[in-house]
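Visitor: Provided herewith is a single structure, encoded as structure tokens, for subsequent inquiry.
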Amino acid sequence: MSERVIPLIDQRHLAPKSVPVLTTALPKLQVLGQVQDRLNRPLRDLRISVTDRCNFRCSYCMPKEVFDSNYTYLPQTALLSFEEITRLARLFVVQGVRKIRLTGGEPLLRKNIEVLIEQLAQLRTPDGVPLDLTLTTNGSLLKRKAQALKDAGLQRITVSLDGLDDAVFKRMNDVDFPVADVLEGLEAAQAVGLGPIKVNMVVKRGTNDDQILPMARHFLGSGMVLRFIEYMDVGATNGWRMDEVLPSAEVVQHLQTQLPLVPLEASAAGETAQRWGYANAQGQHDHALGEIGVISSVTQAFCGDCNRARLSTEGQLYLCLFASQGHDLRSLLRTGASDELIQASISGIWAQRDDRYSQLRSQLPPATSENPAATTAPRRVEMSYIGG
Ligand code: SAM
Ligand code: SF4
Ligand code: SF4
């Protein structure tokens, strides 16, 4: 087996890109939220990382070797406060955002996260419609928190679970966390009505691919949508190698041998998952059995309609999961910038966006153990810092 290479690069303290200073008023159309980037993609989806800390050490995200007791997390003062997050979120909504996802690190570790959810749940689009408000969690604290999250106004939830077999799952989370506790969290979330629930499984070839069928069988007909995610080359610490990626096409093929599937239409523009429905004896989608999704970020780029922006724990705006630098919105907030200026800055930053990393990835030299992706590709921030 080839040796694992873990380059240590802390991207957080790279000088952020300066935020464009606008001296003239923006055209009305932009202020009304029709902002589009250079590839004509609107801004619709904002992912907000509320903490860079996590109680898991998934090897593909926060490997123990790097995120050990010597690792320095952001100090409390660096984090955006709930008021700062809510103010920014409101201004993003004016620019076209309709969906907000809280993430991390592990978002349920952020103290009083319910208070933030309560504030975000009050936001309305310019037409008076509530936002699609959701959260991605590893599920470890979900049993305890599901009711409070629901009461605060969270609509739905995505829970990550990489296998049903305890030994496999514990190897993936690397902190000995048992499957049963996540399943109890899922049950609690379903019981309080945090749905439709999505379950995310990152598939690593040779590590948890034997869990694909057991996971599919477990969630079949449960009302929860299981989604298989290709292991991605995010960040610079997970020692990513192409040979550990199991293409979604192979996942679907494997499932089809036991559980017939039919392709379904995308539910929304910019949807990351390709949907497949379980088929009945007539070969039609059986709604009672439900559906699965595959997210093929590596083998089938979906940059063409990517409408996602990411706000880091300390208020840096990232335009792509694979970006190496953010735009510093926190300093605008903390130097007393007006709503108009912040809004115009967001709009100006988005208008300049031309990121499409996944599409361009195929042109990069292939990653090998001698030539790992992290050193051949541009430097990138960690997923735990900007969120998934
Ligand atoms: N801690 C929460 C969790 O695990 O759900 C939220 C943050 S986590 C960074 C968000 C999502 O990113 C999770 O579903 C996780 O499985 C996924 N993820 C992290 N690293 C990944 C990688 N290298 N490839 C694919 N997905 C990854
Ligand atoms: Fe933590 Fe989520 Fe990353 Fe796993 S994927 S280490 S649970 S932030
Ligand atoms: Fe969007 Fe960047 Fe992912 Fe492409 S690589 S889909 S632009 S986040």
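Visitor: Across the stretch 243-270, what is the total count of residues that are in contact with a strand residue (DSSP E or B) (Cβ under 6 Å, 6 or more places away or on another chain) and either within 12 Å of ligand 1 (Cβ to nearest atom) or of a type in the set (G, A, S) (or both)?
Guide: 4
Visitor: Still on this model: Which of the residues belonging to the stretch 295-331 are surrounded by fewer than 20 Cβ atoms within 10 Å (Cβ to Cβ) and within 17 Å of L79 (Cβ to Cβ)?
Guide: S331
Visitor: Okay, moving on. When you scan the stretch 241-257, do you find a residue that is of a type in the set (S, T, N, Q) and within 22 Å of the chain's Cα centre (by Cα), even just one?
Guide: Yes, that holds for at least one residue.
Visitor: Quick one: is V93 under 25 Å from S345 (Cβ atoms), in a helix (DSSP H, G or I), open to solvent by less than 30 Å² (accessible area, probe 1.4 Å) and not acidic (D, E)?
Guide: Yes.
Visitor: Taking the stretch 271-294 as the search range and keeping residues that are free of Cβ contacts under 8 Å to residues at least 60 places away in the same chain, in a loop (DSSP other than H, G, I, E, B) and more than 14 Å from ligand 1 (Cβ to nearest atom), which one is nearest to A78 (Cα to Cα)?
Guide: Among those residues, the one meeting the criterion is E271.
Visitor: A follow-up question, please. Within the bounds of the stretch 167-181, is there any residue that is under 28 Å from S267 (Cβ atoms) and not hydrophobic (A, V, I, L, M, F, W, C)?
Guide: So far as the stretch 167-181 goes, no, none of its residues is under 28 Å from S267 (Cβ atoms) and not hydrophobic (A, V, I, L, M, F, W, C).
Visitor: Follow-up. Filter the stretch 339-356 down to the residues that are surrounded by fewer than 18 Cβ atoms within 10 Å (Cβ to Cβ) and under 11 Å from F92 (Cα atoms) and list them by number.
Guide: D339
Visitor: Now a separate question. Would you confirm whether any residue within the stretch 226-242 is away from ligand 1 (no atom under 15 Å from the Cβ) and modelled with pLDDT under 95?
Guide: Taking every residue of the stretch 226-242 in turn, none turns out to be away from ligand 1 (no atom under 15 Å from the Cβ) and modelled with pLDDT under 95.
The values are calculated or read from the model by the stated rules, or taken from the named source; none is laboratory data. Note that the structure is a prediction, hence the values are computed from the model and not measured. Cβ sites come from the backbone with ideal geometry, for glycine too, and all protein chains shown count toward neighbours. Just so you know, the surface numbers come from the protein's heavy atoms only, side chains and all, with ligands and any DNA or RNA stripped out. Shrake-Rupley method; radii C 1.70, N 1.55, O 1.52, S 1.80 Å.
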